[in-house]
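S.K.: Here it is, the structure in full.
A short reminder: the numbers here are calculations on the coordinates, not readings from a lab. This one's a predicted model, so the numbers in the text were calculated from it and none came from an experiment. Glycine gets a Cβ as well: all are built from the backbone with ideal geometry, and neighbour counts include every protein chain shown.
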Amino acid sequence: MFGIGHIIRYLKYRQLADNFKKNKKVKKGLITFPDGYEPSGFNYREYIIFMKSESTYLLFYIVDKSSRAVYILRVLQDGTNWKYILSRRLREN
């Protein structure tokens, strides 16, 4: 079984991400089948960034199989230009 890991340090809207981390429905979905959601087409280091739609938000996260943890990278409102936001953030790091 996977667990929800820490939220990446540079995450904006940390409180929003913490709320999702505590949401039992979201947590169950990510823990039960973490790599079962849509890949975003982006990578963070050697990890695939997955995207999960939840209500009016998009959660972006990675799965670390060695530590059996899911790390939430970013939470964005649905309808934002998420591809631009992710590509810009990844270039900065």
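S.K.: Between K28 and E54, what is the label-point separation in nm under the 7 Å Cα-to-beta-carbon projection?
M.R.: Using points 7 Å along Cα→Cβ, the separation is 1.3 nm.
S.K.: With a cut-off of at most 12 other beta carbons within 10 Å, and DSSP calling the residue loop, which trypsin sites (Lys or Arg not before Pro) in the range 19-93 qualify? Please list them. Write out the running numbers ahead of the final one.
M.R.: Working: sites: K21, K22, K24, K25, K27, K28, R45, K52, K65, R68, R74, K83, R88, R89, R91; in loops: R45, K65, R68.
In loop regions of the range 19-93 (DSSP not H, G, I, E or B), the sparsely surrounded trypsin sites (Lys or Arg not before Pro) are R45, K65.
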